[in-house]
Every structure is written in C-alpha cells, then in structure tokens.
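This report concerns only the one structure given below.
Only the coordinates and a few stated rules stand behind these numbers; no lab work does. Worth saying up front: this structure is predicted, and the values here are computed from it rather than measured. Reconstructed Cβ throughout: ideal geometry from the backbone, glycine too, with neighbour counts over all protein chains shown.
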Amino acid sequence: MKPDRGERERHCPVMVEEVLDYLACAPGQTVVDATVGSGGHAAAIMERINPGGWLIGVDRDPEAIERARERLARLGRVTLINENHARLEAILDRLAVDAVDGVLFDCGVSLEQLSSAERGFSFRLDSALDMRMSPQEETTAADLVNRLPEAELASILREYGGERRARSIARAIARARQQRPIRTTAELAAIITAAIPPRARPRRLHAATKSFMAIRIAVNDEIGSLRTALTAAIRRTRPGGRVVVLTYHSLEGGETKGAFRLASKGSLCPPFPSGEPVRVRILTKKVVKPSRREVRANPRARSATLRAVERL
Ligand SMILES: C[S@@+](CC[C@H](N)C(=O)[O-])C[C@H]1O[C@@H](n2cnc3c(N)ncnc32)[C@H](O)[C@@H]1O
C-alpha cells in the first residue's frame, strides 16, 4: 500500500468554465459554494464576483475549511462555515441572508480526503475504518460494517455501489465479524476481495472500489443531505439566480434530476407565503459533460455531470 507521506495531491476543480457560465457570476454577487473543499471553484467564482462580491463557503470537513481559508482569505470577502449543507437555510438565517445569486454543489469526496491515510476513505491506504467527512458525526464505517444486519449491508452495497455481488460480500463481512470486529480498511478490502471469485473481479477497478464507495455514501448520508440541501438552495436563490450541481454518481445525478424536475413544476419546495409556488427553469435539458481535453488532463473528471437551473 502506498504510504501517505503528508504530501497530499491537490484536488483539481472540475468543469470550472462551465460552472462559471451556468452560475452566470457577475461583480457584486453573493454566491454559496456548498462544497467548498480546497476552494478551487470558489477561487474562480471570487474572481468573477469581485469587486463587491461575497463568497459563502460551506463544508462539513474542518480540514477542508482550513485549506479553503488559506487559499481564499486574500481574494476578497469570504465567510467559511464548517457545517453540513443540509443546514443551508439555518446557515443563511444566521448570516441574515434572505436570498443569494447562486449556489454550487460539487458532490462527493475530494482528492485530499481520499489520499489522507487517517481518514479511512481508501482501500489503498491502510488505516482505521472511518470514512466520516466530519469528525462530529457519530457513526464510522467500522460501526456500520460491524453492526448493520447482513441484509441491510447487502442493500447498501447494491443500491449505493451498484455492486452485483452485494449478497456474497455482505455474507462474508457478517462471517468475518463473528470472529473479531473489522477495524481497518485493509481488513475490509481483503474480506471483500476474497468474497468475489477471481474470474468475477473487475479488471480495471480494485475489487473493493464499489463497496467502499457505497459504505462512504451510507456513513455520510450523502444522498439524504443532498436532497435537503437542493430544496434549501432553490428556496433561497433569488429569481434570476442559478443553482449548479456537479455529480459523479448515478444516484446523486438522479436525485438532482428529480429535484430539478419537481422544482420546474413548482412542486419541490413549500410555496411562498402568498401561496405562489417556487419554480425553476431547467437550463441543462441534456446534462453537460467535461470536454475530452479536460478528461485527458484530469481523468478524475470523466464521470462528472453538470446540471443547472435558474430560479423564476
Ligand atoms: C469534490 S469536493 C469539492 C472540491 C471543491 N469544489 C474544490 O474545487 O476544491 C467535495 C467536498 O464536499 C464536501 N461535502 C460533501 N458532502 C457535504 C455536505 N453534506 N455538507 C457539506 N460539505 C460536504 C466534502 O467534505 C468535500 O470537501
């Protein structure tokens, strides 16, 4: 396994030009980056909204907030909030902001999180089985794999990871934990790999890739948080403002597509006090994908999909 020597790779922001275009950033705007990460998109947004702009950056990972602070503090007015974006409405209330000009979501994990041995996201780096994006969350990946009933584990692996061998893997996990608790990423990766017959193992991916992703999504309730946050973002974007979402996984993409569709019919968010529905116009009838050039330069961009709406 590749050791983490503390020289983490830096996350390369995906589809930056497309994000800026769909956000329609202009000087003086207030924009929320709901997944500020290391501040790559946020720095580009700040360049466009200054002078006079205000960037509100949210991330549930305190280490990401520190990285973003280092990168963004000198660029202009920025407020960084270490919280789950599912609480976006409460965050904006605290800042006394009624409506913003744009909200960006860049879902999933960052390269810094994946390449940090201590965080336990990767089967390539042996460490405690953690996978929490925020240390304030109570449930770790170890809690989940050691405590969940086998059938529930199987459905997480199938639903969140698209893992066809979900039942065999869940059975192998249930058997292994009867001997002793599963504590590390290497132990879990070995159990998963052994549960898949060699001929059935994926050629290009590590055998544990899908299961690790599924467990990470479950530990962090990524789909539930996105669902709540999308409603909040649409409600708190001013008419004419934009909500832009980058997803890397069919479940996140489906959740976004569904929310945007409902919002385009005025049935996602509670109506205004006047009874008028909160509506959007879908700007991306077809999803937007990164250019071939970008994928060549940054292969991690290949699964990215951009969707955007304008508040009416
Ligand atoms: C793909 S990275 C974002 C990278 C960022 N756009 C950049 O250019 O550096 C995703 C970030 O979203 C954060 N995140 C994921 N789910 C979140 C949630 N529910 N609330 C707040 N932050 C979240 C992760 O901690 C991670 O830092």
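Of note:
- Most mobile of GLU17, GLU63, GLU222 in a GNM of the chain (Cα contacts under 10 Å): GLU17
- Fluctuation leader among SER291, SER110, SER134 - the chain, Gaussian network, Cα springs under 10 angstrom: SER291
- Furthest towards positive pole of dipole, LEU75, SER225, PRO62, structure part the chain, Cβ charges: SER225
- Violating pairs (Cα-Cα greater than 24 angstrom) within the set LYS210/LYS285; LYS210/LYS257; LYS210/LYS265: LYS210/LYS285; LYS210/LYS265
- Each residue of region 115-124 is assigned a 3J(HN,Hα), and the resulting list reads 9, 9, 4, 5, 7, x, 8, 10, 6, 7 Hz, derived from the Karplus form 6.51 cos²θ - 1.76 cosθ + 1.60 (θ = phi - 60°), x at Gly and Pro.
- Stretchable slack from ARG48 to GLU159, in nm (0.36 nm times residue separation minus alpha-carbon distance): 36.1 nm
- Principal axis analysis of the Cα atoms in region 44-141 yields extents of 46, 26, 18 Å, listed in decreasing size.
- Once backbone amide H atoms are built at 1.01 Å from N, GLY266 has VAL280 as its partners under 5 Å, excluding neighbours fewer than 5 places away on the same chain.
- A simple charge model with +1 on the Cβ of Lys and Arg, -1 on the Cβ of Asp and Glu and nothing else charged puts the dipole of region 138-219 at about 500 debye relative to its Cα centre.
- Of every Cα-Cα pair in region 138-219, the percent that sits beyond 15 Å: 50 percent
- Cβ-placed point charges (K, R +1; D, E -1), dipole of region 200-246 about Cα centre in debye, nearest 20: 200 debye
- GLU152 paired with ARG302, simple spin-label distance in nm, labels 7 Å along Cα-to-beta-carbon: 3.5 nm
- Shown here: the chain, whose C-alpha atoms stretch 59, 43, 39 Å along the first, second and third principal axes, sorted largest to smallest.
- Taking each residue as 0.36 nm, the span from VAL16 to GLN136 lengthens on full extension beyond its C-alpha to C-alpha distance by 40.2 nm.
- Remark on THR284: its backbone amide H falls under 5 Å from those of ALA308, a criterion applied only to residues 5 or more positions apart or on other chains, H modelled at 1.01 Å from N.
- Taken about its Cα centre, the chain carries a charge dipole of about 1440 debye when Lys and Arg each add +1 at the Cβ and Asp and Glu each add -1 at the Cβ.
- Leading residue at positive end of dipole, the chain (Cβ point charges), from LEU114, VAL32, THR284: THR284
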